[in-house]
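Colleague: Let me begin by handing over the structure; questions about it come next.
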Amino acid sequence: MATNLSPFATSVIATSLWNTPHQFSRFSTLPEKANFSLWVSRIRSINGARKRFQLKSSNGHPLDAVPLQEGLAGIPPAKNHFGSQLGEENFPISQSEHVESTLSITVVGASGDLAKKKIFPALFALYYEDCLPKNFVVFGYARSKMTSEELRNMISKTLTCRIDKSANCKDKMDQFLKRCFYHSGQYDSEEHFSELDCKLKEKEVGKLSNRLFYLSIPPNIFVDVVRCASLRASSANGWTRVIVEKPFGRDSESSGELTRCLKQYLAEEQIFRIDHYLGKELVENLSVLRFSNLVFEPLWCRNYIRNVQLIFSEDFGTEGRGGYFNNYGIIRDIMQNHLLQILALFAMETPVSLDAEDIRNEKVKVLRSMRPLQLEDVVVGQYKGHSKGGKSYPAYIDDPTVPQDSLTPTFAAAALFINNARWDGVPFLMKAGKALHTKRAEIRVQFRHVPGNLYKRNFGTDLDKATNELVLRVQPDEAIYLKINNKVPGLGMRLDRSDLNLLYRARYTREIPDAYERLLLDAIEGERRLFIRSDELVAAWDLFTPLLNELEERKIAPELYPYGSRGPVGAHYLAAKHNVRWGDLSSED
């Protein structure tokens, strides 16, 4: 019988057996005489009676196994720590034996809001869609004293079934909850992680164990958890991966220190830095729209695009998060990660392939090509109290966890430039804020005016009305629409601006998966395209750290704007300075 190898198992062989440093041995080393079939086992496909969900791993390839000959093509024999080659003489491939694998997912910080509202529901959605392997367990780990039954009761309140697939919902929920367990322990206790390891082994007995740790905890305890997990709870015969939530430091120095500490216990290939915006459907569709539609790719450059706007707004303040938010601010919380990652995906050159490293290489090139941010190209703001319609809205500093003299911005706008041949001179405008008039996240591409436009008289003096604009609305109500000019039916010559609109909810009946579902599935499959590599992180912080330092050292006071408004007036002056009008200010939008 031919031995099969899954895409993520191929990655494990390449990264864990080939030139793996000594400090990673807790995660990657097998006993020298172990059967090689352990390493080529895969998470088995759900049997024929269970329909495979249509969601594929992010590179577009199916999740099915590939033949061993294909999976190992091009990978030279690796050497173990004793110098001998890991070839067939050490690990003979069994033609008739398969070792069944199991997946253990440990959510560290299981009692927190993120785990309850996002991670457990995403895991259940994957289970509901038959995307998880046959053998899996989910463990919650936190300091809170709780039993497994209490964990199940807690997370059951947040689980929902697909609107379009609600049959047997309760049965599925019960089956999922039976696979959920809890272990209470300190985050810096090797002893408690050893106890967790024993519980995991009880569930994994006789199987190849793959382990995924999701760190839903504050960044100041990342390293303690990774140290304890690596020394006491890593897989002895399969892969171990760790998902790390932002923030990844506060600046270049702290981010670099965090990366160095993590790499004492993990290889880069084991670290999955998650930015949930990269898992959103419209962000995923950005490269598809550009690279698989001939009509757009030739226009994707300075010759046709006048400016690009990346807009993020929330219609609520920092209620409940003031203490956390005050340490970071809107630039660190939104712009340096979510919006900058989207910018890199938008502006990158065509990658060699859909392989994760090829795509991330192109993103890094964009980030390294960016012009240093200048203070005069940035506006910061902070929302103040406001009364409207008989209702009062609090100021940012009204939060009891926020100092009265806080200068932390809740709004920021910036003009960025990319110094390369494709984008030279094109302003990329970012805008992010809280307590604004609406909730939205979108990418707006404003094209140049038509040279010698025959119909410019019909638009009067407002030539911006004659400008084509491509809008990708990430949330809410996902949509892609293109603003075009057309003639209004009738005997006269009256022009109108209309939308060619792809509204997702009208076009597709399926419910759009949550970003965390996509990213968790990718981490399980070993697909890294939507996760942030360490050199991406370095380039991103190198861009924003000088600006952040200058804002703090000079104690720049943010411009105040009323809760529920469109933000500070300074943002409009910034756009005008670069001959841009914010696209989200139109009454049509």
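The values are calculated or read from the model by the stated rules, or taken from the named source; none is laboratory data. What you are looking at is a predicted structure, and each value in this text was computed from that prediction instead of being measured. Using ideal geometry, Cβ is built from the backbone for each residue, glycine included, and neighbour counts are taken over all protein chains shown. Accessible surface areas use protein heavy atoms only, side chains included; no ligands, DNA or RNA. Shrake-Rupley method; radii C 1.70, N 1.55, O 1.52, S 1.80 Å.
Colleague: Consider only pairs whose beta carbons are under 6 Å apart and that are at least six residues apart or on different chains; among these, list those whose first residue lies in the range 380-402 and is under 15 Å from GLY320 (Cα atoms) and whose second residue is assigned to a strand (DSSP E or B).
Modeller: So the pair list comes out as TYR393/HIS386; ALA395/LYS384; TYR396/GLN382; TYR396/TYR383.
Colleague: Then there's this: Exactly one of these conditions fails for LYS201: (1) within 14 Å of VAL138 (Cα to Cα); (2) out of contact with any strand residue (DSSP E or B) (no Cβ under 9 Å at 6 or more places or on another chain); (3) free of Cβ contacts under 8 Å to residues at least 24 places away in the same chain. Give me its number.
Modeller: Failed condition: (2).
Colleague: Counting just the residues of the range 556-577 that are in contact with a helix residue (DSSP H, G or I) (Cβ under 8 Å, 6 or more places away or on another chain) and part of a loop (DSSP other than H, G, I, E, B), which one comes out least open to solvent (accessible area, probe 1.4 Å)?
Modeller: In this case the residue turns out to be ILE556.
Colleague: Could you count how many residues in the range 131-155 are in contact (Cβ under 8 Å) with a residue 40 or more places away in the chain, under 23 Å from GLU191 (Cβ atoms) and either open to solvent by 10 Å² or more (accessible area, probe 1.4 Å) or more than 24 Å from the chain's Cα centre (by Cα) (or both)?
Modeller: Residues flagged as in contact (Cβ under 8 Å) with a residue 40 or more places away in the chain, under 23 Å from GLU191 (Cβ atoms) and either open to solvent by 10 Å² or more (accessible area, probe 1.4 Å) or more than 24 Å from the chain's Cα centre (by Cα) (or both) within the range 131-155 amount to 4.
Colleague: Just give me the residues in the range 410-423 being open to solvent by less than 30 Å² (accessible area, probe 1.4 Å) and either at pLDDT below 95 or not small (Gly, Ala, Ser) (or both), in sequence order.
Modeller: Across the range 410-423, the qualifying residues are THR410, PHE411, LEU416, PHE417, ILE418, TRP423.
Colleague: Testing LEU266 on (1) in contact with a His (Cβ under 8 Å, 6 or more places away or on another chain); (2) open to solvent by less than 10 Å² (accessible area, probe 1.4 Å), one condition comes back false. Which one is that?
Modeller: Against the list (1) in contact with a His (Cβ under 8 Å, 6 or more places away or on another chain); (2) open to solvent by less than 10 Å² (accessible area, probe 1.4 Å), LEU266 comes up short only on (1).
Colleague: Now for a different question. Is it the case that HIS192 is surrounded by fewer than 21 Cβ atoms within 10 Å (Cβ to Cβ) and either hydroxyl-bearing (Ser, Thr, Tyr) or not in a loop (DSSP other than H, G, I, E, B) (or both)?
Modeller: So HIS192 passes the test.
Colleague: In the range 578-588, which residue that is open to solvent by 50 Å² or more (accessible area, probe 1.4 Å) and over 15 Å from LEU429 (Cα atoms) is modelled with the highest pLDDT?
Modeller: Result: GLU588.
Colleague: Could you pull out every one of the strands (runs of 3 or more DSSP E) wholly within the range 223-319 that has 2 or more residues that are of a type in the set (Val, Ile, Thr), under 23 Å from GLU357 (Cα atoms) and at pLDDT 90 or above?
Modeller: 240-245, 271-274
Colleague: Would a scan of the range 292-315 turn up a residue that is of a type in the set (Gly, Ala, Ser), in contact with a Leu (Cβ under 9 Å, 6 or more places away or on another chain) and surrounded by fewer than 18 Cβ atoms within 10 Å (Cβ to Cβ)?
Modeller: So far as the range 292-315 goes, no, none of its residues is of a type in the set (Gly, Ala, Ser), in contact with a Leu (Cβ under 9 Å, 6 or more places away or on another chain) and surrounded by fewer than 18 Cβ atoms within 10 Å (Cβ to Cβ).
Colleague: If I filter the range 486-543 down to residues being aromatic (Phe, Trp, Tyr) and surrounded by 14 or more Cβ atoms within 10 Å (Cβ to Cβ), which single residue comes out as nearest to the chain's Cα centre (by Cα)?
Modeller: Checked the range 486-543; the qualifying residue nearest to the chain's Cα centre (by Cα) is PHE531.
Colleague: Condition check: of a type outside the set (S, T, N, Q), over 30 Å from TYR304 (Cβ atoms), outside any strand (DSSP E or B) and open to solvent by less than 20 Å² (accessible area, probe 1.4 Å). Does VAL426 satisfy that?
Modeller: Details: of a type outside the set (S, T, N, Q): yes; over 30 Å from TYR304 (Cβ atoms): no; outside any strand (DSSP E or B): yes; open to solvent by less than 20 Å² (accessible area, probe 1.4 Å): yes.
For VAL426, the condition - of a type outside the set (S, T, N, Q), over 30 Å from TYR304 (Cβ atoms), outside any strand (DSSP E or B) and open to solvent by less than 20 Å² (accessible area, probe 1.4 Å) - is not met.
Colleague: Same structure again: With respect to LEU543, determine if the residue is modelled with pLDDT of 95 or more, closer than 18 Å to ILE334 by Cα and in contact with a strand residue (DSSP E or B) (Cβ under 6 Å, 6 or more places away or on another chain). Spell out the reasoning first.
Modeller: Values: modelled with pLDDT of 95 or more: yes; closer than 18 Å to ILE334 by Cα: yes; in contact with a strand residue (DSSP E or B) (Cβ under 6 Å, 6 or more places away or on another chain): yes.
The answer is yes for LEU543.
Colleague: Filter the range 435-447 for residues that are charged (D, E, K, R) and either closer than 21 Å to ALA576 by Cα or modelled with pLDDT of 95 or more (or both) and give the result.
Modeller: Initial filter on the range 435-447 (charged (D, E, K, R)): 439-440, 442, 444.
GLU442, ARG444, listed by residue number.
Colleague: Do the conditions hold for GLY256, that is, is it open to solvent by 10 Å² or more (accessible area, probe 1.4 Å), touching a residue at least 60 places away in the same chain (Cβ under 8 Å), of a type outside the set (Asp, Glu) and on the phi > 0 side of the Ramachandran plot?
Modeller: Spelling it out, it is not the case that GLY256 is open to solvent by 10 Å² or more (accessible area, probe 1.4 Å), touching a residue at least 60 places away in the same chain (Cβ under 8 Å), of a type outside the set (Asp, Glu) and on the phi > 0 side of the Ramachandran plot.
Colleague: Filter the range 228-253 for residues that are in contact (Cβ under 8 Å) with a residue 60 or more places away in the chain and basic (Lys, Arg); which is nearest to TYR214 (Cα to Cα)?
Modeller: Per the criteria, the residue is ARG241.
Colleague: Going through the range 114-130 one residue at a time, which ones are within 27 Å of GLY320 (Cα to Cα) and open to solvent by 10 Å² or more (accessible area, probe 1.4 Å)?
Modeller: LEU114, LYS116, LYS117, LYS118, PRO121
Colleague: Does the range 167-180 contain at least one residue that is at pLDDT below 95, closer than 26 Å to ARG529 by Cα, open to solvent by less than 10 Å² (accessible area, probe 1.4 Å) and of a type outside the set (Val, Ile, Thr)?
Modeller: The answer is no; no qualifying residue exists.
Colleague: Has the range 298-311 got at least one residue that is in contact with a Lys or Arg (Cβ under 6 Å, 6 or more places away or on another chain) and within 20 Å of GLY433 (Cβ to Cβ)?
Modeller: Scanning the range 298-311 turns up at least one residue that is in contact with a Lys or Arg (Cβ under 6 Å, 6 or more places away or on another chain) and within 20 Å of GLY433 (Cβ to Cβ).
Colleague: Another question about this same structure. Would you be able to tell me the number of residues in the range 205-222 that are part of a loop (DSSP other than H, G, I, E, B) and either among the small types (Gly, Ala, Ser) or in contact with a helix residue (DSSP H, G or I) (Cβ under 9 Å, 6 or more places away or on another chain) (or both)?
Modeller: 4
Rundown of residues vs (1) among the hydrophobic types (A, V, I, L, M, F, W, C); (2) free of Cβ contacts under 8 Å to residues at least 12 places away in the same chain; (3) touching a Cys at 6+ places or on another chain (Cβ under 8 Å), yes/no style:
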{"site": "GLN475", "(1), (2), (3)": "no, no, no"}
{"site": "TYR481", "(1), (2), (3)": "no, no, no"}
{"site": "ASN486", "(1), (2), (3)": "no, no, no"}
{"site": "GLY490", "(1), (2), (3)": "no, yes, no"}
{"site": "ASP496", "(1), (2), (3)": "no, yes, no"}
{"site": "TYR504", "(1), (2), (3)": "no, no, no"}
{"site": "TYR508", "(1), (2), (3)": "no, yes, no"}
{"site": "PRO513", "(1), (2), (3)": "no, no, no"}
{"site": "LEU521", "(1), (2), (3)": "yes, no, yes"}
